[in-house]
Ligand SMILES: [Zn+2]
């Protein structure tokens, strides 16, 4: 996910009452789970040699697991990072090969790229569309290949410009996170700085609530 370049911007929080409607439009998509003492942290747009190892350390320090939606071409450049992510017990997911925007890409090439990205993850069977944007037809075609993981909470790490932005994002995260929430962060070079400013205190807050984070399996 990356809401910025994409025209229409998703809200920071997608309330649960809307999820059945979203699933009607995009069959097979998932926006939260029924977990009762865990959330599901997700990291998009990696792996990145500077950012991803830092995320792995932060998660390991608290015994939390996450799902990493990797961009296929980057995954192919950093097989060592993929191995680290898996060895640490996290889940890998596909995020297309080149971060394609579904609304701007024809169905066949989009599905091909999505399926190829799943193959770089040892066919984990979880997929997230870049920008959260794919068409109904693309979603239907992909639903036979993967569990399609959307989210209900955006950390906003991609849009942080200053200290006030950090504080606002922290408040939003705490306000909207519930057990079962699927939360979006980015472990990319581009958005890594905002993510670094949010993640440690958020993980500590989760632990303080008595919650952990678990990966999403295909
Ligand atoms: Zn993305």
Let me spell it out: the conditions are (1) farther than 19 Å from residue 189 by Cβ; (2) touching a strand residue (DSSP E or B) at 6+ places or on another chain (Cβ under 9 Å); (3) within 16 Å of the ligand (Cβ to nearest atom), and residue 66 meets all of them except one. Which number is the exception?
(1)
Quick one: residue 31 ticks every box in (1) under 22 Å from residue 196 (Cα atoms); (2) in contact with a helix residue (DSSP H, G or I) (Cβ under 7 Å, 6 or more places away or on another chain); (3) more than 16 Å from the ligand (Cβ to nearest atom) bar one, so which box is it?
(1)
Quick one: is residue 46 part of a loop (DSSP other than H, G, I, E, B), within 16 Å of the ligand (Cβ to nearest atom), in contact with a strand residue (DSSP E or B) (Cβ under 9 Å, 6 or more places away or on another chain) and within 28 Å of residue 197 (Cβ to Cβ)?
yes
Going residue by residue through the range 17-27, is there one that turns out to be surrounded by 21 or more Cβ atoms within 10 Å (Cβ to Cβ), modelled with pLDDT of 95 or more and either within 16 Å of the ligand (Cβ to nearest atom) or over 21 Å from residue 170 (Cα atoms) (or both)?
no
Kindly provide the set of residues from the range 177-218 that are assigned to a helix (DSSP H, G or I), away from the ligand (no atom under 16 Å from the Cβ) and within 18 Å of residue 44 (Cβ to Cβ), ordered by number.
193, 196, 197, 198, 199, 202, 203
Somewhere in the range 71-93, is a residue free of Cβ contacts under 8 Å to residues at least 40 places away in the same chain, touching a helix residue (DSSP H, G or I) at 6+ places or on another chain (Cβ under 8 Å) and within 27 Å of residue 26 (Cα to Cα)?
yes
Over the range 90-132, the set of residues outside any helix (DSSP H, G or I) and at pLDDT below 95 is 121, 122, 123, 124, 125
For the range 122-131, indicate whether the set of residues that are touching a helix residue (DSSP H, G or I) at 6+ places or on another chain (Cβ under 6 Å) and under 25 Å from residue 200 (Cα atoms) is non-empty.
yes
Residues of the range 133-150 classified as surrounded by fewer than 21 Cβ atoms within 10 Å (Cβ to Cβ) and either part of a loop (DSSP other than H, G, I, E, B) or at positive phi (or both), total:
5
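Quick grid of which residues meet (1) within 14 Å of the ligand (Cβ to nearest atom); (2) farther than 30 Å from residue 175 by Cα; (3) in contact with a strand residue (DSSP E or B) (Cβ under 8 Å, 6 or more places away or on another chain):
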| residue | (1), (2), (3) |
| --- | --- |
| 123 | no, yes, no |
| 128 | yes, no, yes |
| 131 | yes, no, no |
| 134 | yes, no, no |
| 137 | no, yes, no |
| 140 | no, yes, no |
| 145 | no, yes, yes |
| 151 | yes, no, yes |
| 157 | yes, no, yes |
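The values are calculated or read from the model by the stated rules, or taken from the named source; none is laboratory data. Predicted model only: the values in this text are computed from it and were never measured. Positions of Cβ are generated from backbone atoms using ideal geometry, with glycine treated the same way; all protein chains shown enter the neighbour counts.
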